[in-house]
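This report concerns only the one structure given below.
No value in this document is a laboratory result; all are computed from the given coordinates. Since this is a predicted model, take the numbers as computed values, not measurements. Neighbour counts are summed over all protein chains in view; Cβ atoms, including those assigned to glycine, are modelled from backbone coordinates with ideal geometry.
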Amino acid sequence: MCGRFVLTTPAQALAAHFDAWAGELVLAARYNIAPTQNVVAVRVEQGRRRLVMLRWGLVPAWAKDPAIGNRMINARAETAAEKPSFRAAFASRRCIVPASGFYEWKREGARKQPWYFHARDNAPLAIAALWERWRAPDGAALESCALLTTTANALASPIHDRMPVLLSPRDYARWLDPTLADTRAIDTMLVPAAEESLAAYPVATAVGDAGHDDPRNIEPVGAA
């Protein structure tokens, strides 16, 4: 799964990387982004890529209670096209959630050791995601998202059996195209990232506290 991630890249730099419009969006560096918080995403609106803010935890349009999103933070790439909670978004509401890196936890006896994963070249990661719009009885709209996960690659598998789907820049346009309905073409993008493109190291257990949003979260520590 992917339950926490980091984003330190400014909005205008993200806009340049993803060829998207950012408007007046300002992003503070975040070192412990957690479910139910707002995250920045790239999606296509009226034929143009834009940076928007979405709540992390997808709330299906048919949901009676938005609290369902609290447990809809991830969608398995292998089954998202079939699951009632995700299939409508998978068909036409795909987006990218940028990240500087993400955390996974390795069980070591009775404790869990967090590891931080990031691109070797320190470029932004592009996590494949789905977005949805839910309306409250009073008409207020809530836009939310879920991150897609796949089987872990050789680098991540000793830590966890799942990892986020990380899109290659060559796939951004196809993934974001709301008219692309060929599931076979989509599936070819939903594969584990090449292990040589990533680096990973253990970090302090303080990252387990969602309220601990500090640059020290990504400082390496000795493996326990």
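Laid out as a table, the results:
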quantity	calculated
Stokes-Einstein D (µm²/s) once Rh is taken as the Kirkwood radius of the chain over alpha-carbon pairs, at 25 °C in 0.890 mPa s	139 µm²/s
Rg over Rh [alpha-carbon atoms, Kirkwood Rh] for segment 82-174	1.05
Antiparallel DSSP beta bridges within the chain, percent to nearest 5	90 percent
12 Å beta-carbon shell around ASN217, net charge (K/R +1, D/E -1)	-1
The chain - percent relative contact order, Cα under 8 Å, separation 6 or more	22 percent
Nearby lysines by direct alpha-carbon distance to LYS83 (threshold 22 angstrom, same-chain neighbours under 8 apart not counted)	LYS64
GNM result for the chain, Cα springs below 10 Å: residue of PRO137, PRO84, PRO158 fluctuating most strongly	PRO137
All aspartates and glutamates inside 16 Å of LYS112 as judged from Cα atoms, apart from same-chain residues fewer than 8 positions distant	GLU104, ASP161, ASP209
Dipole magnitude of segment 5-218, debye to nearest 20 (Cβ charges: Lys/Arg +1, Asp/Glu -1, about Cα centre)	300 debye
Charge-dipole axis of segment 5-218 as Lys and Arg at +1 and Asp and Glu at -1 on Cβ define it, positive-most pick from GLY69, ALA29, THR9	GLY69
Expected 222 nm ellipticity per residue - DSSP helices of 4 or more, -39500 (n - 2.57), all of the chain, to 500	-2500 deg cm²/dmol
Alpha-carbon centroid distance for the pair segment 145-187 / segment 15-41, whole angstrom	19 Å
